[in-house]
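Q: First, the structure itself, so that you have it in front of you.
The values are calculated or read from the model by the stated rules, or taken from the named source; none is laboratory data. None of these values were measured; they are calculated from a predicted model. Quick reminder, even Gly has a Cβ in these numbers, built from the backbone with ideal geometry, and neighbours come from all protein chains shown. Just the protein is used for accessible areas: all its heavy atoms, side chains included, with ligands, DNA and RNA removed. Shrake-Rupley method; radii C 1.70, N 1.55, O 1.52, S 1.80 Å.
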Amino acid sequence: MANWQEAVKGKGKMGVKEVLQGPEVCKDPEILTTHAVGVNIYKQGKDPELRPDTEYPEWLFTLNLGPPKSLDELDPESWEYWKLIRKQHMWQDNKVRKGKKL
């Protein structure tokens with residue numbers, strides 16, 4: 001009867017709540033250096049193994065993985081510069097319309 005009472009206590013409007021658990025965290029250094037951990041989207045199967053650097057395209061190693069560049073660092077003739085200008089203008093316009101101070 002104690003189990004039934006515990007189930008009733010945890011029961012809300014939608015029924016008994018189940019505790020959700022996140023994915024397992026891999027801490028094995030050998031697997032972390034040889035496999036793309038977390039890339040497998042299927043329930044079954046393994047994470048793919050990493051290939052040698054020569055099998056990946058050159059542009060992959062030139063990607064900016066740090067913080068985004070500021071407006072001063074971008075070239076005014078680039079597409080990224082104008083995209084950032086537009087984004088900042090939208091932020092400013094939204095704040096003005098909302099009545100907040102800049």
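Q: If ligands, DNA and RNA are left out, what is the accessible area of Lys87 with a 1.4 Å probe, given in Å² to the nearest 10?
A: Roll a 1.4 Å probe over it and Lys87 shows about 100 Å².
Q: Which distance in nm do the two modelled labels at Ser70 and Asn40 give, with both placed 7 Å along the Cα-to-Cβ direction?
A: 4.5
Q: Would you please give the residues with an amide H less than 5 Å from that of His35, counting only those at least 5 places away or on a separate chain, with H modeled from the backbone geometry?
A: Leu50
Q: Here's a follow-up. If I ignore ligands, DNA and RNA and count only protein heavy atoms, how much of Leu71 is accessible to a 1.4 Å probe, in Å² to the nearest 10?
A: Looks like 50 Å² after rounding.
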